[in-house]
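Here the structure comes first, spelled out in structure tokens, and everything after it is commentary.
Each value in this text was obtained by applying a stated rule to the coordinates, not by laboratory testing. Remember, predicted model here, so these are calculated numbers, not experimental data. Neighbour counts run over all protein chains shown; Cβ positions are idealised from the backbone, glycine included.
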Amino acid sequence: MIALLLRDLTLAFRAGGGFGLGLAFFLLVAVLVPLGVGPESGILAIIAPGILWVGALLASLLSLDRIFALDHEDGSLDLLATAPLPLEGVVAIKALAHWLVTGLALTLVAPLLAVLLNLPAAGYPWLLLSLAVGTPALSVIGAFGATLTIGLRRGGLLLSLLVLPLYVPTLVFGAEVARRGAAGMALATPLALLAAITAGSLALLPFAAAAAIRVNLR
Amino acid sequence: MELRVGNLAVSRGGLVVLEGVGFTLHPGRALVLRGANGIGKTTLLRTIAGLQPAVCGEISAAPECLAYASHADGLKAALSARANLSFWASVFGTGRDAAGAALERMELTGLQDRLAAQLSAGQKRRLGLARLLVTGRPVWLLDEPTVSLDQAAVALFAGVVRAHLAAGGSALIATHIDLGLDEAETLDLGAFRPRQLRPVAGGFGEAFDDATGALP
Amino acid sequence: MSIWEFANPRNFMRISGRMLPWFAALAVLTLATGLIWGFFFTPDDYKQGATVKILFIHVPAAMMAINAWIMMLVTSLIWVIRRHHVSALAARAAAPAGLTFTLIALVTGALWGQPMWNTWWEWDPRLTSFLILCLFYLGYIALWSAIEDPEAAADLTGILCIVGSVFAVLSRYAVKFWNQGLHQDSTILKVGEEDPLDVAYYVPLVISIVGFVFFFIVIVLLRTRMLIRARRLIALEARERVG
Amino acid sequence: MPDLGNYAFAVLAAWGATLVLMGFLLALTLVQARRARYALALAEERIAARVQPKAAEGA
């Protein structure tokens with residue numbers, strides 16, 4: 001299991017692995033939105049939590065189709081399926097690797113980009129916390145979506161269409177936590193619900209994803 | 001570990017392509033599968049490896065004793081030869097030394113730090129086959145193992161298989177090339193081809209094509 | 001006769017072929033009655049004026065948009081658990097109907113919202129939920145048509161439908177939480193309470209709902225029969241190729 | 001025709017859109033159903049034509 005995690009991380013950091021891609025996209029969103037909306041810091045401060053959450057969501061969407069499609073193409077998915085690892089574990093590890101290179105990285109750079117967007121000072125810890133709690137759900141849900149489109153040649157666009165509606169609850173609660181944090185409101189309820197979605201997805205979706213992989217291998 | 005296969009039927013694309021397949025593979029023996037292209041050698045091997053469900057029949061060996069090597073080598077182009085192999089060694093829990101020993105056996109030690117992307121087709125194939133050595137599993141299922149190997153490499157690989165058999169392992173090989181294995185018997189799959197291709201029971205094909213005439 | 005008789009495509013074709021004209025007649029009858037009554041013979045509402053006439057298409061379409069998804073969930077579960085092929089095809093057949101109803105609910109909602117709330121689009125929880133439902137339908141239909149192997153397509157869309165249902169319910173509550181909304185609560189089940197839906201609207205509305213149900217049944221039957229024929233065609237061609 | 005007052009546009013547009021969408025769904029379904037029926041009938045005929053001579057030889 002650890003070997004698989006290390007391999008996926010190594011591959012992500014090697015050339016063409018897509019590690020920088022998500023971060024660069026995230027940065028672009030944070031730079032382009034003020035250019036589009038206008039430089040008024042009051043408006044930016046209000047929309048900052050939402051923009052950062054949507055940016056994080058799209059950045060993590062960007063690299064989803066690599067999770068399984070590459071392994072399917074070069075045959076390692078077959079070999080992994082016959083290896084002494086449960087497929088559910090393979091899915092969980094791959095989602096974890098995806099989270100480490102996208103979700104975690106995005107969480108860590110989010111405060112820097114929040115400066116660009118004039119996020120009120122009170123919002124920083126909550127923005128970080130909401131991303132840290134919510135992005136694992138984005139990776140697991142995305143990994144599930146990726147297993148549905150493994151066998152398709154141009155599955156990228158379809159994958160986005162399948163995954164986006166599944167992302168809605170995570171986005172709503174995650175952005176709500178960040179927004180309420182920035183406005184200094186009570187946020188225990190959305191935070192608890194966000195954590196519940198993450199925990200539930202982590203616990204159940206690997207099984208659905210493993211079933212989908214088995215269907216695709218046959 | 002004895003691999004016994006009895007009355008096995010396998011399907012591809014919703015059609016039964018082989019049925020009544022039966023053989024026993026004893027430790028120390030090899031069985032070469034022969035048959036024209038498209039007869040279902042790959043399908044049979046994948047079914048035995050547990051990657052796809054059998055239509056019916058028994059396979060005695062648990063998937064835990066089988067090591068499957070497909071057409072594709074499952075190599076990561078961005079990793080070195082050694083890193084590729086060490087990964088599989090740790091997945092199969094055979095330890096750090098297994099990868100080095102396997103590289104040596106397949107005469108890849110000199111290339112171990114090269115990225116897999118920079119290996120030639122034959123070298124990649126050898127690296128893919130070296131993976132079998134690090135699985136530590138007794139029954140090898142090999143799908144066209146000699147593709148893109150030159151004569152010397154074929155002989156090298158035949159030696160590796162022979163050593164595996166001598167150590168009490170066994171191998172089921174789909175190939176057109178004579179590996180020169182004295183321990184090998186041959187099984188012609190042509191005999192198991194159904195006289196008329198029929199859809200799998202319970203599949204979409206059978207449900208909609210029972211050949212009893214038009215739908216009402 | 002057990003309901004599983006339908007699981008055999010041949011039985012399904014025979015029985016559905018016999019039932020189809022009756023359902024079609026019922027659909028025409030109830031739809032015509034409900035809609036004509038609703039459009040021509042109902043009074044204007046004292047608050048909403050003539051726009052209340054949109055009720056007779058908006059409410060049934062919205063109900064059927066959700067019911068179609070529920071039917072897809074049930075048939076997908078039947079496929080995943082009991083592996084009856086007709087069930088998988090019925091799930092596929094229901095999707096375009098569900099998508100159409102969702103679109104109708106959205107369009108009529110927007111047209112109704114404009115005079116009432118003074119805006120074409122409001123990020124109201126119900127409207128937003130329907131927009132998300134629309135995305136679910138699109139993804140489901142796209143996945144069906146993208147996968148060639150029929151068995152794999154049925155399995156993967158089944159898994160998507162089951163997982164998607166859970167997330168659809170979650171989205172519903174998430175969106176409710178996110179914005180309490182302008183939308184009035186559903187009043188149809190509150191007859192007899194304080195501000196009930198007037199009986200003058202109630203009867204034609206129920207008839208029109210029944211009409212939408214029959215319309216849905218007719219569409220699903222027609223499409224399932226079409227998909228069964230398409231499957232048999234694929235099976236025959238496969239047989240022809242291999243000789 | 002009932003008097004729709006100020007809301008004529010909203011009501012007529014909503015009803016029109018509904019009828020168009022439902023009509024489109026019905027028409028699409030009927031066309032697809034007809035096409036499937038036709039294509040299948042052709043294939044059945046072709047197969048029947050191929051099977052019958054064989055059966056005659058056998059007898």
At a threshold of 8 angstrom on Cα-Cα distance, excluding pairs fewer than six apart, so keeping six or more, what relative contact order does chain B reach in percent?
31
Relative to the longest principal axis of the C-alpha atoms of chain B, give the angle of the C-alpha long axis of helix B:121-135, reported between 0 and 90° and rounded to the nearest 10°.
90
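Please state, rounded to one decimal and in Å, the Kirkwood hydrodynamic radius that region A:2-217 gives when every pair of distinct Cα atoms enters the mean of 1/r.
Numbers: mean 1/r = 0.0568 Å⁻¹.
Result for region A:2-217, one decimal place: 17.6 Å.
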Grab the other residues whose beta carbon is less than 13 angstrom from that of residue B:134, score K and R as +1, D and E as -1, and report the net.
+3
Spin-label zone in region A:128-154 - amide nitrogen under 19 Å from a point set 7 Å from the Cα of residue A:109 along the C-beta vector:
A:128-136, A:138-139
What is the sum of charges, Lys and Arg at +1 and Asp and Glu at -1, for the other residues whose Cβ falls under 12 Å from the Cβ of residue B:146?
-2
Each label sits 7 Å from Cα toward the beta-carbon; between residue C:29 and residue A:85 the label points are separated, in nm, by 6.2
Pick from C:79, C:112, C:123: which residue has the top mean-square fluctuation in a GNM of chain C where Cα pairs under 10 Å get a spring?
C:123
Rounded to one decimal in nm, the spacing of the 7 Å Cα→Cβ label points at residue C:118 and residue B:56 is 7.4
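Relative contact order of chain C: what whole-number percent is it, with Cα pairs under 8 angstrom and at least 6 residues apart?
On the way: 269 pairs, mean separation 78.8, N = 243.
Computed value for chain C: 32 percent relative contact order.
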Separation between the residue A:207 and residue C:206 pseudo-spin-labels, each 7 Å from Cα along Cα→Cβ, expressed in nm?
4.2
Tell me, C:117, C:178 in order of fewest to most beta-carbon neighbours within 10 Å?
C:117, C:178
Sort A:71, C:45, B:188 so the one with the fewest other Cβ atoms within 10 Å of its own Cβ comes first.
B:188, C:45, A:71
Here the FRET efficiency for residue C:22 versus residue D:42, based on Cβ atoms and R0 = 30 Å and rounded to 0.05, is 0.50
Treating only the Cβ of Lys, Arg, Asp and Glu as charged (+1, +1, -1, -1), what charge dipole size does region A:2-217 show about its Cα centre? Round to the nearest 20 debye.
80
Return the calculated 222 nm mean residue ellipticity for chain C, to the nearest 500 deg cm²/dmol, obtained by summing -39500 (n - 2.57) across DSSP H runs with n ≥ 4 and dividing by the residue count.
-28000 deg cm²/dmol
Round to a whole angstrom and tell me the spacing of the C-alpha centers of region A:84-137 and region C:62-90.
36
DSSP loop (so not H, G, I, E, B), at most 16 other Cβ within 10 Å: list which GluC sites (Glu not before Pro) in region C:48-155 pass both filters.
C:148
If you average the alpha carbon positions of region C:155-176 and of region B:35-81, how far apart do those two centres end up, in angstrom?
35
If neighbour count is taken as other Cβ atoms inside 10 Å, put D:7, D:38, A:124, C:140 in order from fewest to most.
D:38, A:124, D:7, C:140
For peptide C:82-90, how many partner chain Cβ atoms fall within 10 Å of a residue's Cβ, on average?
2
Does anyone have the angle between helix A:123-148 and the longest principal axis of chain A? Alpha-carbon axes, 0 to 90°, nearest 10?
30
